[in-house]
Amino acid sequence: MSVAFTKEDSAETASETLLPDRPISPHPNLVTAAGLAALERQLQQARDAYDAAQAIEDVNERRRQAAIPLRDARYFAARVRTAQVVADPTSTDIVAFGNTVTFQRDDGRVQTYRIVGEDEADPNAGSISFVSPVARQLTGKAVGDEVTVSGQNIEIVSIS
């Protein structure tokens with residue numbers, strides 16, 4: 001095999017293995033205790049996947065298989081390092097980080113979400129990020145208060 005092919009293969013491998021870092025939010029990294037535990041689990045999973053990739057004999061395949069876990073490990077390490085755990089709210093008088101809030105939209109839909117950190121937010125599972133437009137409008141409000149989100153009025157039905 002000529003050196004030209006080796007360099008070409010190396011350039012191709014380099015482009016596959018030098019992944020850009022995952023973007024990190026400019027907002028404070030507020031998390032619930034469960035959110036921090038999830039970040040720590042994801043960091044360990046990324047480290048385990050990286051360690052597994054290191055066992056691959058072929059250097060080019062090893063680099064390819066290690067690229068994503070290495071990028072994820074950098075991301076989760078940064079998120080764990082900067083995490084600010086927010087204690088569960090002690091009051092249900094006003095909406096705050098960690099509360100679960102139920103609200104009704106103009107069209108009659110009733111929705112319930114827990115306000116959590118960015119990395120732990122999953123609207124399909126009933127949680128939204130504290131920096132989401134809905135959470136920003138609801139924070140600091142009480143049952144019966146109405147706010148406008150995306151041109152639609154929503155009324156807070158309950159806070160837990």
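What to note about this one:
- Portion, in percent, of the accessible area of the chain that falls on carbon or sulfur, probe 1.4 Å: 52 percent
- Calculated [θ] (222 nm, deg cm²/dmol) that DSSP helices of n ≥ 4 give over the chain, each run adding -39,500 (n - 2.57): -14000 deg cm²/dmol
- In plain terms, the chain from Thr92 to Asn60 could stretch by 6.0 nm, reckoned as 0.36 nm per residue minus the Cα-Cα distance.
- Evaluated with a Cβ-only charge set (Lys, Arg +1; Asp, Glu -1), the chain carries a dipole of roughly 280 debye about its Cα centre, given to the nearest 20.
- Above 23 Å, the calculated P(r) of the chain contains 53 percent of its Cα-Cα pairs.
- Where labels lie 7 Å past Cα in the beta-carbon direction, separation of Thr102 and Leu18 in nm: 5.5 nm
- What the Cβ-Cβ distance of Ser150 and Gln44 gives, at R0 = 35 Å and to the nearest 0.05, is a FRET efficiency of 0.40.
- For Asp145, the residues 5 or more places off, or on other chains, whose built amide H falls under 5 Å of its own are Ile156.
- J(HN,Hα) series, the stretch 107-117, from Karplus relation 6.51 cos²θ - 1.76 cosθ + 1.60, nearest Hz, glycine and proline x: 7, x, 5, 10, 10, 10, 9, 9, 8, 9, x
- Between the amide H of Thr92 and any residue lying 5 or more places away or on another chain, no distance stays under 5 Å, with hydrogens modeled in the peptide plane.
- Modelled label positions at Ser160 and Ala78, each set 7 Å beyond Cα in the direction of Cβ, lie 3.7 nm from each other.
- Amide H to amide H, with H built 1.01 Å from N, Asp122 comes under 5 Å of Ser127, Ile128, counting only residues 5 or more places away or on other chains.
- Bridge orientation summary for the chain: considering DSSP beta bridges with both residues in this region, about 75 percent are antiparallel.
- Residues in the stretch 88-97 carry Karplus couplings, in order, of 4, x, 9, 10, 10, 6, 10, 6, 9, 3 Hz; the curve used is 6.51 cos²θ - 1.76 cosθ + 1.60 with θ = phi - 60°, and Gly or Pro positions show x.
- A simple rule links phi to the HN-Hα coupling: the Karplus curve 6.51 cos²θ - 1.76 cosθ + 1.60 with θ = phi - 60°, which for the stretch 59-76 gives 4, 5, 5, 4, 5, 4, 6, 8, 4, 5, x, 5, 4, 5, 4, 4, 4, 5 Hz, with x for Gly and Pro.
The values are calculated or read from the model by the stated rules, or taken from the named source; none is laboratory data. Since the model is a prediction, treat every value here as computed from it, not as a measurement. Counting neighbours? That spans all protein chains shown, and the Cβs are built from the backbone with ideal geometry, glycine included. Surface accessibility is based on the protein's heavy atoms, side chains included, excluding ligands, DNA and RNA. Shrake-Rupley method; radii C 1.70, N 1.55, O 1.52, S 1.80 Å.
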